[in-house]
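Below is one structure, written out as structure tokens; the observations come after it.
Taken together, the values in this text are just the output of simple stated rules run on the coordinates, not laboratory data. Nothing here was measured: the structure is a model prediction, and the numbers come from that model. Cβ sites come from the backbone with ideal geometry, for glycine too, and all protein chains shown count toward neighbours.
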Amino acid sequence: MIKPKSKGKTWIWLIVLLILFLAVSYFSFSPKPKVYPGYVSDSPSPTGVKAFYTYLNKEMDAKRWNHSPEMLPKGNESQLLIMVEPAFIPEKELMKEYVHFMEAGNTILLFQTNPKGMFDVNTEFAEQKPSPQVYDPSHVTYRADISSDIRLQSTKEDELLLDNSKETIALKRTYGKGYLIVAIAPEWTTNDKILKHDHLPLLLYLLNESNAKTYLFDEYVHGGENASSILTVYPMWFLLFVIQGILVMILWLWLKRETIRAYFHSQRRIDSV
């Protein structure tokens, strides 16, 4: 049996341990600035596209799409799925689902520095340095930043939307009842550049090419479906509370080990009678 003095000392050490644990937890888990990946629609950082998303959400009907393309509505609902600098090239089967989405009468607007590998788009290296002058089919001149060293290779069936007099900057391609629109300047959509030069008018020009009623921002291509974990589902204070509870329970069981041992010993004696 544990003597009263020994028990008192044990409880003192328990309180000290809990105080230390709380202090370490406070300094270890203090809130830190959130780091956002580039080109995501909820990012307020310079490389995020929150301003673009917020504008469309206010002026039109914009939503975020976090699911696999298999779940995209395939009906002819005049929807526009906006992809901004995908973090990876989806697998072949998933690419087919995107194609089915367009064939049903919807449009995908892809902003990517080098769209090679996406929807059979072919590219080539630029023959000249990026020009600040961009032209549409009506020869309207826009001023824009273009950081990509890649240009689009168009086919006879493609509709040229933007060029720099020699090379293709954006094009439109038919897929069944829908369309694919590709532009090599994702920087136009970012928070720090959307209001520079003629980037916003250029974005609106490309959006109008879709005649869409609903706008979806594809966040699936920035890391797949949102995977929930215990760290994202529960707040940090709750997790700390649970950890502390587990620690207290372990220490309580340790203090009561003699009582528990005696209980099980008496149970064995009763069972043996």
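Report the gain in length on full extension from Tyr205 to Glu91: 0.36 nm times residue separation, minus Cα-Cα distance, nm rounded to one decimal.
38.0 nm
Rounded to the nearest 0.05, what FRET efficiency do His139 and Thr174 have when you use their Cβ-Cβ distance and R0 = 22 Å? Once rounded, the FRET efficiency stands at 0.40.
Could you give the alpha-carbon Rg of the stretch 50-222 over 2.2 N^0.38 Å, rounded to two decimals?
Values: Rg = 15.1 Å, N = 173, 2.2 N^0.38 = 15.6 Å.
Taking the Cα Rg and dividing by 2.2 N^0.38 Å, one obtains 0.97.
Return the percentage of antiparallel bridges among DSSP beta bridges fully within the stretch 50-222, rounded to the nearest 5 %. It would help to have the intermediate numbers written out before the result.
Details: 19 of 37 bridges.
If I count the DSSP bridges inside the stretch 50-222, around 50 percent turn out antiparallel.
The label-point distance for Arg64 and Ser165, in a model that sets each label 7 Å from Cα toward Cβ, rounds to 4.3 nm.
Too long at a 30 Å Cα-Cα cut-off: which of Lys63/Lys166; Lys92/Lys172; Lys172/Lys196; Lys129/Lys196; Lys92/Lys196; Lys50/Lys213? Could the numbers behind the result be given before it?
Values: Lys63/Lys166 36 Å; Lys92/Lys172 21 Å; Lys172/Lys196 24 Å; Lys129/Lys196 20 Å; Lys92/Lys196 37 Å; Lys50/Lys213 20 Å.
Flagged as over cut-off: Lys63/Lys166; Lys92/Lys196.
Between rounded, prolate and oblate, where does the stretch 124-169 land on the alpha carbon gyration tensor, with a ≥ b ≥ c its root eigenvalues, rounded for a/c under 1.5, else prolate if a/b exceeds b/c?
On the way: a/c = 2.31, a/b = 1.06, b/c = 2.18.
It is oblate, given that a/c is not under 1.5 and a/b is not larger than b/c.
Shape verdict for the stretch 45-113, please, from the Cα gyration tensor: rounded (a/c under 1.5), prolate (a/b greater than b/c) or oblate. Oblate, since a/c reaches 1.5 and b/c is not below a/b. Return, ordered by residue number, the residues of the stretch 35-63 whose backbone nitrogen is under 13 Å from a label point located 7 Å along Cα→Cβ of Asp192. So the set is 38-39, 44-49.
Could you tell me how far the Cα centroid of the stretch 102-160 sits from the Cα centroid of the stretch 62-96, in Å? Cα centroid of the stretch 62-96 versus Cα centroid of the stretch 102-160: 20 Å apart. Per-residue packing, averaged as other Cβ atoms within 10 Å, sorts the ranges 85-97, 42-54 into the order 42-54, 85-97, beginning with the highest. The ranking of Leu203, Leu110 from fewest to most other beta carbons within 10 Å of each one's beta carbon is Leu203, Leu110.
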